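What follows is a set of notes on a single structure, which appears directly below.
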Amino acid sequence: MAQDLDRDGAGRRLPLARLIGETLMAKERLIVVGNGMAGCRAVQDVLKRDPDRYEITIFGAEPRVNYDRIMLSPVLAGEKTFADIVINDEAWYRDNAITLHAGRAVQVIDREARVVRAEGGLEVGYDRLILATGSDPIRLPLPGGDLKGVVTFRDLDDVEAMVAASAQTGARAVVIGGGLLGIEAAYGLVRRGMAATVVHLVDVLMERQLDASAGFLLADALATKGVATELGAVSEEIVGVNGQVTGLKLKDGRTLPCDLLVMAVGIRPNTNLAKAAGLEIGRGLIVDDQMRTSDPRISAVGECVEHRGQCYGLVAPIWEMCKALAAGLTDTAGDYAGSVLSTRLKVSGVDVFSAGKFAGGDGCEDIVFRDAGRGVYKRVVIEDGKVAGAVLFGDAADGAWYFDLMRRNTPVAEIRETLIFGQSVTEGLRGLDPSAAVAALADSAEVCGCNGVCKGAITGAIVEQGLKTLESVRAVTKASASCGSCTPLVEKLLILTLGDGFQAQTGPKPVCGCTHHGHTEARRRIVAEGLKSMPAVMQALEWTTPDGCASCRPALNYYLICAWPGDYQDDKQSRFINERVHANIQKDGTYSVVPRMWGGMTSSDELRAIADVVDKFKIPSVKVTGGQRIDLLGVQKDDLPAVWADLNAAGMVSGHAYAKGLRTVKTCVGTDWCRFGTQDSTGLGVRLEKFMWGSWTPAKVKLGVSGCPRNCAEATCKDIGVICVDSGYEIHVGGAAGLHIQGTELLTKVATEEEAIWTICAVTQAYREQGWYLERIYKWMARVGLDSIRAQVEDPAARRALHDRFAYSQRFSRVDPWAERVAGRHTEEFNPLSRRMEFATA
Amino acid sequence: MNVLVKDPIDWIDVGAITDIPSRGARRVPTPTGDVAIFRTGDGKVFALKDACPHKGGPLSQGIVHGHAVTCPLHAWSIDLATGEPMGADRGKGCTPVVPLEVREGRLFLGRI
């Protein structure tokens, strides 16, 4: 069969470069205008399909690398930093030979000459051009709109302006706009310590996604988080003094005072550049199904485009557009046919889902479910026997399932009776496994809407690549890597696929697969409802397994010990082996033993006793640890009580080197010997350790005390560190030097040693009461905020109360577990059940 | 399933069921390595070779939950009835099941 010279076997037109031979021809030049989410994603998709085809140049108006704009809300709330939300760092541009002109807006497109001109007169020619100019926030034309302190919420500069405004004590904010963005802005500002009010024109918050009932529940939930709302409120004028905003005047005559005014009333496609170039414009820049504009050399993606009459402001459709665009640019298959939308609210702690015709309408029927006790509202809209929309509040776990039924046009007449109770009940009654709500999702069901990742891709990656953590699933599949709202679903898939091999991680999520309650909620109810045993907790919190699992049992045991010191009976069978036998299990099933050395101090008697134990029990390895103590490795389990008896006899106790509890207090020699020492750091370390030893904590706690800022005890990478200075003691918190390396933050400075001990005990107790099991201090600090911790320990009454609770708890904790076992406690742990099989022969 | 196929030649009394803590385990040394006997929260008992199919970790030292134990070394969960790893580790080897009988509160291990 004859074949056109410029076409491949499938009849697709070959690019000119291919025909002539790539070695002779320069690559085609691809310019992308817009260094945001759409522009960079389009480039990634092109590179994935054909990495060598284009010489790529990206222009960005913002002077920084490509970041996840959706995550600006957590940055505003102080939950993430800019570094956390960078999608592609400088290395990505370098590795892919992409030229980035950041901070240089393109001003002109010359379509005749096929050249773009940017700020500063830079001219670059193109063969293909992608416009990803995004959108601009709408600024209401209110009087006073140009006052200082009036901002929009679109980019990192806006976030920085808002954070700066929140730093002022007692500062107040008004946010105009009760949509997704406005609510997130207000929530973030409240987290930053501001009082914030959302002013919304309509009577229902997020009225484009929520019906009146869900909107009401949302306003209620926001109120409990400190976000006030003014609904049906018409803004009239922004008032100010000396050029600085002081309030928002409403049409009803009231003025809401504020120091910051955020306009979050919507976005408008940014088409200025395209319009000036003479491209066809509607509401946005008009594109076809291959994302081409009216000029075939110019494509467009993202919020700037209008496709089949629709403009989009959510990330999922933009990713779909990028795929179609990349297909067109690399001569592979894939058109864009528009997107069906669903929304999840990202604001922490408010679980909201909405999709389709959530508010019903002609020819639609509603199925509604409410649970006042749990604050749950669900509404599923049925049209022609199929799901046409859904709005879920308070429990959005079934959102993906309803969305899947909706997109597939699945007839639901047969499951109608149980539909509202969700997938788990519905599938359970059909004879499928009710314990796993996601088990029955089809492999093709989309789990991550942002990145278009389906269930099969996730479970496949978990199995094939041996993924065990949420982080690794994100890294490999991108599922839950953008807005993060499908995190619970992805975790369920991990649990479902791995069973108990899945290690619980910190984050706002259930303790484990045995419950839907998070750590904070479980802790709160243990205290509030006086739950004092593990069965009582599991009953009250409706645990779904008979006796928990290896993840939740140690957590609950700790929460009960912390809540009811002296009252709760420790459940040995819910402790990891190391805390049951008070030694560290090693790879060969032997144990290591670490005696405590107070503040790293030891003596010839102690060293002699250790040497004798090593000889007597033929302990193969003796090692000095990083925590200034001595580790005896390779002890047989049966020998442990006898080893401890000898160490006890020389005055040594367990070093708890195995515990989620106080480990070591590392010190330098301080004023005793050092010519630079400013305080008695060794003495302080010893006193701290003697007071705090034996305490159980959510995760391990290591202390360091340095006698001067030279910091020989490395206190600034410990969970709690003290730096002695001439005028007193700096207390630092939140360091780590393990999987993560993190320096501490300065918590406070005190004048006396007594105050230093009080403050350290208080911060430890705050962590004991608020930390999630396995959450190190630095993670707890990132979650609750350093300011909140500081407020607790700097207020004398609060500090005293914390210290006293810690001291009370210590009355029951400072017991040497070795001595107890030497005295005969839990001998069954160390002795075989029977030796009658030992010499039996076949 | 990986139950030893041979019938035991005799049964040896290794102790009382109450010698094992509920949701716990004890080990019994044998010439071919330790056997772990587990007692679950609902009062059932199971016996497995005391070695995880992954890296040989001592299962008797793990946390017992439901009818499963989580190995202390790398947190594999092993089904006590079959000795098989659960979840993603399913199919990656198996710990041998050891014959065990309960008679009037006493535990009898099968000698093969």
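The values are calculated or read from the model by the stated rules, or taken from the named source; none is laboratory data. Small disclaimer: the values here were computed from a predicted structure and weren't measured. Cβ coordinates were reconstructed from backbone atoms using ideal geometry, including for glycine residues, and neighbour counts include every protein chain displayed. In case anyone asks, the SASA skips ligands and DNA or RNA and just uses the protein heavy atoms, side chains included. Shrake-Rupley method; radii C 1.70, N 1.55, O 1.52, S 1.80 Å.
Here are some notes:
- Hey, A:GLU184 of a type in the set (Asp, Glu) and free of Cβ contacts under 8 Å to residues at least 60 places away in the same chain or not: no
- In segment A:208-322, counting only strands (runs of 3 or more DSSP E) that sit wholly within it, none holds 3 or more residues that are without any contact (Cβ under 8 Å) to a residue 60 or more places away in the chain and either surrounded by fewer than 17 Cβ atoms within 10 Å (Cβ to Cβ) or touching a His at 6+ places or on another chain (Cβ under 6 Å) (or both).
- Scanning segment B:40-63 for residues that are of a type in the set (D, E, K, R), within 10 Å of chain A (Cβ to nearest Cβ) and crowded, with 17+ Cβ neighbours inside 10 Å gives a single hit, B:ASP50.
- Taking segment A:462-491 as the range and being more than 21 Å from A:ILE87 (Cα to Cα), at pLDDT 80 or above and assigned to a helix (DSSP H, G or I) as the test, the residues that pass are A:ILE462, A:VAL463, A:GLU464, A:GLU491.
- Yes/no for A:LEU802 being buried (at least 20 other Cβ atoms within 10 Å of the Cβ), within 14 Å of chain B (Cβ to nearest Cβ) and over 24 Å from A:VAL653 (Cβ atoms): no
- Conditions (1) in contact with a Gly (Cβ under 6 Å, 6 or more places away or on another chain); (2) at pLDDT below 95: number failed by A:SER621: (2)
- Residue list for segment B:26-38, restricted to those being within 10 Å of another protein chain (Cβ to nearest Cβ) and open to solvent by 20 Å² or more (accessible area, probe 1.4 Å): B:ARG26, B:ARG27, B:THR30, B:PRO31, B:THR32, B:ASP34
- Restricting A:GLY685, A:GLY677 to those that are modelled with pLDDT of 95 or more, in the same structural domain as A:THR764 (by TED's automatic domain parsing) and among the small types (Gly, Ala, Ser) reduces the list to A:GLY685.
- Considering (1) out of contact with any Gly (no Cβ under 9 Å at 6 or more places or on another chain); (2) modelled with pLDDT under 95; (3) facing chain A (nearest Cβ under 8 Å), the lone condition that B:ARG23 does not fulfil carries the number (1).
- Residues of segment A:570-579 classified as touching a residue at least 40 places away in the same chain (Cβ under 8 Å), open to solvent by 10 Å² or more (accessible area, probe 1.4 Å) and not acidic (Asp, Glu), total: 2
- Residues in segment A:618-630 include at least one that is surrounded by 14 or more Cβ atoms within 10 Å (Cβ to Cβ) and in contact (Cβ under 8 Å) with a residue 40 or more places away in the chain.
- Meets criteria (open to solvent by 20 Å² or more (accessible area, probe 1.4 Å), assigned by TED's automatic domain parsing to the domain that holds A:MET321 and at pLDDT below 95) for A:LEU142: no
- Look at (1) surrounded by fewer than 23 Cβ atoms within 10 Å (Cβ to Cβ); (2) at pLDDT below 80 and you find that A:VAL447 fails only one, number (1).
- Considering segment A:542-569, the residues that are within 13 Å of another protein chain (Cβ to nearest Cβ) and under 13 Å from A:GLY661 (Cβ atoms) include one that is surrounded by the fewest Cβ atoms within 10 Å (Cβ to Cβ), namely A:PRO554.
- Residue count for segment A:211-250, restricted to those that are modelled with pLDDT of 90 or more and among the basic types (Lys, Arg): 1
- Selection of segment B:82-97 for residues being within 16 Å of the chain's Cα centre (by Cα) and either at the interface with chain A (Cβ under 10 Å from one of its Cβ atoms) or open to solvent by 50 Å² or more (accessible area, probe 1.4 Å) (or both) yields B:GLU84, B:PRO85, B:MET86.
- Looking only at segment A:815-836, and only at residues there that are hydrophobic (A, V, I, L, M, F, W, C) and within 14 Å of chain B (Cβ to nearest Cβ), the one that is nearest to B:THR32 (Cα to Cα): A:LEU833
Residues checked against (1) open to solvent by less than 10 Å² (accessible area, probe 1.4 Å); (2) in a loop (DSSP other than H, G, I, E, B):
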| site | (1), (2) |
| --- | --- |
| A:VAL151 | no, no |
| A:ASP157 | no, no |
| A:ALA161 | no, no |
| A:THR169 | no, yes |
| A:VAL175 | yes, no |
| A:GLY178 | yes, yes |
| A:ALA196 | yes, no |
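- Answer from A:TYR377, A:TYR402 - the residue that is surrounded by 17 or more Cβ atoms within 10 Å (Cβ to Cβ) and modelled with pLDDT of 85 or more: A:TYR402
- Test: A:GLU745 is out of contact with any helix residue (DSSP H, G or I) (no Cβ under 6 Å at 6 or more places or on another chain) and under 25 Å from A:ARG805 (Cβ atoms): no
- Out of A:VAL593, A:VAL614, one residue alone is more than 14 Å from chain B (Cβ to nearest Cβ), of a type in the set (Val, Ile, Thr) and open to solvent by less than 10 Å² (accessible area, probe 1.4 Å). It is A:VAL593.
- For A:VAL262: the one exception among (1) over 17 Å from A:GLN168 (Cα atoms); (2) in contact with a helix residue (DSSP H, G or I) (Cβ under 7 Å, 6 or more places away or on another chain): (1)
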